[in-house]
Amino acid sequence: MVRPDAGLKKFAGILSLWLLLTFIWFAANSSLAVESLATGALISAALAYVFGSKTDVWQAVRLSPTRLYHFAAYTGKFVVELVRANINMLRYVYSPRIEITPGIVEVKTRLETPIGRLALANSIALTPGSLVMDIKGDTLFIHWLDVENTDPVEATRMVVAPFEKHLEKVFG
């Protein structure tokens, strides 16, 4: 049996995804030409419809000023962590001797939604030196180029905490 509000939730999910994709298009394109804006809006609408209608993941995403603030704060934190990780990689590349201790660490996340965990996994994978190998429930297994601590609580604080604070407010 289909709930009467299921169609409305699916539409809200598609609309949320469309707004997110359109914002990303505008930010990446850096053009206010009408043709560019229209193209971005149409491509974003097509992608939002395809991905939003095939899965229920985007139905959990709700837009609000608080969530938009935390998304912007997360984006800023992600950029800072990305720059920090790239500088750290430069240190390894230009060092005469590379002294690293690669390994896999287990971390826990408080994020409950699949889209929140996906955003966290992508944030970790996009920062050089770390890669999410597996997700099982609330546990992520991360390959870390230079393991600084194998304690799950401390590793969670070092790897997950910078992103989780804001992602929890955006995605739950």
Trypsin sites (Lys or Arg not before Pro) within region 31-133: DSSP coil, no more than 12 neighbouring Cβ in 10 Å: R97
Specify the longest stretch of the chain that does not include any exposed loop site, a site being one of the GluC sites (Glu not before Pro) with a non-H, G, I, E, B DSSP assignment and at most 16 other Cβ atoms within 10 Å. 1-98
In Å², what does the accessible area per residue of region 64-172 work out to with a 1.4 Å probe? 58
Using only Cα atoms and rounding to the nearest 10 degrees, what angle (0 to 90) does helix 114-126 make with the longest principal axis of the chain? 50
Using alpha carbon centers only, region 95-109 is separated from region 145-164 by a whole-angstrom value of 11
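For the chain, calculate the relative contact order in percent as a whole number, restricting contacts to Cα pairs under 8 Å that are 6 or more residues apart.
Details: 207 pairs, mean separation 40.6, N = 172.
Normalised by residue count, the contact order of the chain is 24 percent.
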In region 45-136 the accessible area split gives carbon plus sulfur, as whole percent at 1.4 Å, a share of 65
Fraction in percent of alpha-carbon pairs per bin - 5 Å, region 1-141: 2, 8, 12, 15, 17, 16, 12, 8, 5, 3, 1, 0, 0, 0
Hits among lysines - C-alpha to C-alpha of K169 under 20 Å, sequence gap 8 or more where chains match: K9, K77, K108
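The values are calculated or read from the model by the stated rules, or taken from the named source; none is laboratory data. For clarity, every value in this text was computed on a predicted model and none was experimentally measured. Because the Cβ atoms are built from the backbone with ideal geometry, glycine has one as well, and the counts that use them run over all protein chains shown. Just the protein is used for accessible areas: all its heavy atoms, side chains included, with ligands, DNA and RNA removed. Shrake-Rupley method; radii C 1.70, N 1.55, O 1.52, S 1.80 Å.
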